[in-house]
Amino acid sequence: MAAHGPRSMPSPQPFASSAMNDRDRYQPPPQYLQSQQSSLSQYAGGGAPRSQMPSREPEEILIAVMGATGSGKSTFTNLLSDSDLAVGEGLKSCTTKVETANTFELYGKLITLVDTPGFDDTTVSDTDILKMIAVYLSSTYETGRKLSGIIYMHRISDFRVGGVSRRNFSMFRKLCGDETLRNVALVTNMWSEVTPERGAARERELRTDPLLFAPVINGGATLLRHDGTLAGAQAVLAHVAQNTPRTLAIQRELVDEHKDIADTAAGVELDRELAALRAQHVAQLAEIQREMEAALAEKDEQTRAELESVRGELLQNIQKIEGDRDRLSREFAEEKAKADERVAQIQEDLAQEKAARAERQLQITQLSEEMANNRALHARERENMSRQLADLRRQRSRGGLFGSIGRAIDSVFGF
Ligand SMILES: Nc1nc2c(ncn2[C@@H]2O[C@H](COP(=O)(O)OP(=O)(O)O)[C@@H](O)[C@H]2O)c(=O)[nH]1
Ligand SMILES: [Mg+2]
């Protein structure tokens, strides 16, 4: 598992746009300044080198990145974690499954980011997206860990917050519920694509519109700007990395309350969306049928044939929507069972690895004691023992539970 060393710390002024007025300017949160100090004293300048420090295991935390396709989730995740998740061209989606990034160390924590697909993929239906996210979140929750934060990405350059963004945002809200809003960071990016005035006006609209971010901000979420730099992304993380991990609505509903996925708030929301879409198609179908009858009466065969083809497409869409509504519960259960198997396997592997680590630790202790007790040892023997000690210490390298579990679940989905 790739656990990266600490990166350089963000500058206290991470949002670089100089044209903003003071009120709009990014302010680092107080906990960021604190954590910067503690991280710096832990890693940088002065103090003992890491290899000589007591091996206190850093806390492992999991942070989910959500938002519409093309909102920059994978770019943000890659930047922070030095991962290589596929980045889309334009609005074409690249992330069609939940993906666990490389674990990295920052602010004294081992952080794993989870990149999620948007509810607007051109190739994968919203039903499949919900299924994947739900399997991932319930499986990680069952392994005993909650999310420390949820980052919701939004392009400030979007001229209008259209249907797609709204659908993504409403699904995101239903997945999280209201109790976790304090752990939510709403992050606007792509500020370089707008003038500062325009961006600030849109930000105000997002902040105050009751159909957009206002209710979430009132519930405790923080609205932040990301300037596209590593320092800026780390400053965003500072807001969420220190949170008390909380249970998301979908985790509570699926795991604690044993609800069928179709009865969870997110499942109901998706069904509502699908029902609305179906109703729209049914109304179109009725219209087409009227037009077809008129064409028939007028013996306009060409128009009738064209309408017939549109009617066929509509019927297909309606069938697909009905299928999507039906299969959610069934397929969720199947995918969850597969994920459970993988998780059980990985937990077994990790338990073995832990036992091996404990064994190595014991050897280290014994060897160190032996060397201390026997000062009269020949120089060459001492050198040999030192080398063995160094080897053992190297092998003691940490493994992140989240990274391993997350990747095991990622691989369940064959998209
Ligand atoms: N200007 C600008 N472009 C970005 C930024 N983040 C991502 N992009 C671009 O937006 C497109 C979609 O990014 P991607 O990370 O794949 O979005 P995702 O679908 O949410 O994962 C890609 O062409 C990126 O290069 C940003 O902060 N600024
Ligand atoms: Mg992506």
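What is the one condition in (1) in contact (Cβ under 8 Å) with a residue 24 or more places away in the chain; (2) within 13 Å of ligand 2 (Cβ to nearest atom); (3) among the charged types (D, E, K, R) that Glu89 does not satisfy?
Going through (1) in contact (Cβ under 8 Å) with a residue 24 or more places away in the chain; (2) within 13 Å of ligand 2 (Cβ to nearest atom); (3) among the charged types (D, E, K, R) one by one, Glu89 breaks only (1).
Test Ala276 against the criterion of being among the aliphatic types (A, V, I, L, M) and in contact (Cβ under 8 Å) with a residue 24 or more places away in the chain, and give yes or no.
no
Against the condition within 19 Å of Leu254 (Cα to Cα) and at pLDDT below 90, how does Lys146 come out, does it pass?
Against the criterion (within 19 Å of Leu254 (Cα to Cα) and at pLDDT below 90), Lys146 qualifies.
Could you say which residue among Leu315, Leu285, Leu362 is surrounded by 15 or more Cβ atoms within 10 Å (Cβ to Cβ) and either over 36 Å from the mean Cα position of the chain (by Cα) or outside the structural domain of Ser125 (by TED's automatic domain parsing) (or both)?
One residue alone meets the criteria, Leu285.
Would you mind finding the one in Ala214, Ala279 that is surrounded by fewer than 18 Cβ atoms within 10 Å (Cβ to Cβ), more than 16 Å from ligand 2 (Cβ to nearest atom) and under 27 Å from Glu322 (Cα atoms)?
Ala279
In region 246-302, how many residues are more than 16 Å from Arg173 (Cα to Cα) and not in a helix (DSSP H, G or I)?
Residues in region 246-302 being more than 16 Å from Arg173 (Cα to Cα) and not in a helix (DSSP H, G or I): 7 in total.
Looking at region 217-234, which of the residues that are assigned to a loop (DSSP other than H, G, I, E, B) and out of contact with any Leu (no Cβ under 9 Å at 6 or more places or on another chain) is surrounded by the most Cβ atoms within 10 Å (Cβ to Cβ)?
Restricting to residues being assigned to a loop (DSSP other than H, G, I, E, B) and out of contact with any Leu (no Cβ under 9 Å at 6 or more places or on another chain), the top hit is His226.
Can you list residue pairs whose Cβ atoms sit under 6 Å apart, with the first residue in region 133-151 being touching a residue at least 24 places away in the same chain (Cβ under 8 Å) and the second being part of a helix (DSSP H, G or I) and aromatic (Phe, Trp, Tyr)? Count only pairs 6 or more apart in sequence or on different chains.
Close Cβ pairs satisfying both conditions: none exist.
Considering region 184-211 alone, what residues qualify as being more than 16 Å from ligand 2 (Cβ to nearest atom), assigned to a loop (DSSP other than H, G, I, E, B) and either more than 17 Å from Arg166 (Cα to Cα) or among the aromatic types (Phe, Trp, Tyr) (or both)? Explain how you work it out, then say what you get.
Step one: filter region 184-211 for residues more than 16 Å from ligand 2 (Cβ to nearest atom), giving 184-186, 188, 191-211.
The next check asks that each one be assigned to a loop (DSSP other than H, G, I, E, B); those that pass are 194-195, 209-211.
Listed by number, the residues that qualify are Val194, Thr195.
Which of the numbered conditions does Ala86 fail, given that it passes all the others? Conditions: (1) near ligand 1 (Cβ under 9 Å from one of its atoms); (2) under 13 Å from the mean Cα position of the chain (by Cα); (3) at pLDDT 60 or above.
(2)
The values are calculated or read from the model by the stated rules, or taken from the named source; none is laboratory data. Quick caveat, the model's predicted, so the values are computed rather than measured. Neighbour counts are summed over all protein chains in view; Cβ atoms, including those assigned to glycine, are modelled from backbone coordinates with ideal geometry.
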